[in-house]
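**Q** One structure, as structure tokens, below. Some questions next.
Bear in mind that the values in this text are calculations on the coordinates, not laboratory data. For clarity, every value in this text was computed on a predicted model and none was experimentally measured. Note that each Cβ is placed from the backbone with ideal geometry, even for glycine, and that neighbours are counted across all protein chains shown.
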Amino acid sequence: MTPDTWKSFPCIPVEQPIGIFYVAAIEARFLREMCWADIRKIERGERDIEVISGIQRPLSEKRQKDIAKYVRTIDASFPTAIIVAISSDDARFQPDTNTIELRIAGHVAKVIDGQHRLEGLRNFSDKTFQLNTTIFIDMETQDQAMLFSTINLTQTKVSKSLAYDLYEYAESRSPQKTAHNIARVADERSDSPFKGRIKLLGSAVDKTKELITQAGFVEPILSMITQDPLNDLDHIKRADRGFFHRGPKKLPPPTLAEVRAKNLVFRSMFIEERDDQITRTIFNYFIAVSRRWPDAWNTFQSGIVLPRTTGYRAFMGFLPYFIFRNGLGKVPTVDECAAVLEKVRLQDAEFNTDNFKPGSTGEAALRQVLMNSTGITEREGWKDRNQQELPMG
């Protein structure tokens with residue numbers, strides 16, 4: 001479009017203490033052409049004095065890519081407003097028709113909030129994607145800055161545990177829902193080694209015994225099911241709604257190379273809806289852990305990492321290589337798990353924070369001890385005793 005192109009959009013005025021602003025539904029392709037972000041920066045001015053300008057934080061490439069992937073899913077939605085500031089030279093409100101005329105050209109609208117959503121939509125061309133847009137006309141820079149800071153300081157980040165917990169309400173099957181359901185079963189069932197130990201939202205058990213967060217429990221399981229949970233969820237939703245008239249409706253089974261490269265040992269079970277076997281594999285494995293180190297597993301005192309997130313994630317990190325050796329696609333028995341863990345020479349008291357620091361460093365160190373003790377390396381985990389490639393199961 002040329003710099004002199006104007007376009008009209010349905011619009012309503014809104015009056016608040018800050019003044020009057022306008023709310024319109026504008027197609028993303030027009031906003032992308034109009035908008036620019038005033039990125040926060042520090043420059044040297046006269047006499048080497050630092051001059052600070054801009055109100056927006058730098059663009060996060062990861063967040064932009066995540067949004068670009070999300071907008072192509074079947075249920076993509078941005079119901080909250082993109083907030084922009086526009087000069088009265090570039091905007092004309094028409095009260096008789098409740099429309100706003102905007103000049104469609106570069107650097108017409110300064111983004112106050114929503115730059116990542118706009119960047120995520122930059123290459124979107126599938127169909128119309130209207131955005132709820134709040135327009136301030138002739139807004140002072142100081143007011144723009146205050147509005148931006150207020151919006152971002154008052155937002156409360158949603159915890160990962162809450163995000164996983166909300167998948168319980170989803171009707172469609174997904175890796176996230178499966179992993180959440182396994183966490184709930186693990187916390188509730190009497191035959192589970194994790195009974196009462198997971199910090200599930202809404203539970204009312206003894207909090208002193210809840211040693212693993214819901215997110216901490218779910219994420220290792222999820223990583224063995226999928227490398228792209230959002231894409232899997234979108235595929236399943238499209239299949240449920242009849243979008244695939246030709247070809248397979250189910251997710252394609254992983255190749256041996258994919259399983260090997262990404263440790264996706266639970267993917268085939270998930271695709272074949274054998275969630276109970278994923279659960280039983282985890283149960284049997286950790287029952288063996290609890291029997292091998294009963295004192296460390298059953299203590300709730302601080303300083304012992306085995307029953308906590310650090311210990312859990314370290315043993316989950318070792319699990320794929322044990323499964324490779326034991327046989328993909330089958331559920332290992334408690335005795336099969338115990339036979340391997342018996343080779344680990346660690347004593348109960350050695351699962352302490354001096355030896356294994358809480359967090360990723362301690363997880364990696366403990367996982368390496370398990371690998372070294374059992375003789376199952378990342379490479380050897382894929383070979384049987386005769387150095388033959390292991391089958392899928």
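**Q** Could you give the dipole magnitude of the stretch 160-382 about its Cα centre, charging the beta-carbon of Lys and Arg +1 and that of Asp and Glu -1, in debye to the nearest 20?
**A** Value, rounded to 20: 400 debye.
**Q** Could you tell me which of the pairs Lys250/Lys357; Lys177/Lys343; Lys199/Lys330; Lys69/Lys357; Lys65/Lys330 are separated by over 32 angstrom between their Cα atoms in the structure shown? Write out the running numbers ahead of the final one.
**A** Working: Lys250/Lys357 42 Å; Lys177/Lys343 35 Å; Lys199/Lys330 29 Å; Lys69/Lys357 36 Å; Lys65/Lys330 36 Å.
Among Lys250/Lys357; Lys177/Lys343; Lys199/Lys330; Lys69/Lys357; Lys65/Lys330, the Cα-Cα distance tops 32 Å for Lys250/Lys357; Lys177/Lys343; Lys69/Lys357; Lys65/Lys330.
**Q** If you don't mind, there's one more thing I want to ask. For the stretch 62-122, what mean projected area does the convex hull of the alpha carbons give, in nm²?
**A** Working: hull surface 21.9 nm².
Mean projected area of the Cα convex hull: 5.5 nm².
**Q** Highest mean first, how do 176-182, 237-243, 24-30 rank when packing is the count of other Cβ atoms within 10 Å averaged over residues?
**A** Numbers: 176-182: 22.7, 237-243: 13.4, 24-30: 18.3.
The peptides rank, most packed first, as 176-182, 24-30, 237-243.
**Q** Convert 37 °C to kelvin, take the viscosity as 0.692 mPa s, use the Kirkwood radius over C-alpha pairs of the stretch 291-376 as Rh, and evaluate the Stokes-Einstein diffusion coefficient in µm²/s, rounded to a whole number. Present the calculation step by step, with values, prior to reporting the outcome.
**A** Working: Rh = 13.2 Å.
Value of D from the Cα-based Kirkwood radius: 249 µm²/s.
**Q** Same structure, new question: Could you sort 227-234, 13-20 so that the peptide with the highest average Cβ count within 10 Å comes first and the rest follow in order?
**A** Highest to lowest by the protection proxy: 227-234, 13-20.
**Q** Given that compact globular proteins tend to follow 2.2 N^0.38 Å, what is the ratio of the alpha-carbon Rg of the stretch 160-382 to that value?
**A** Numbers: Rg = 17.6 Å, N = 223, 2.2 N^0.38 = 17.2 Å.
That ratio works out to 1.03.
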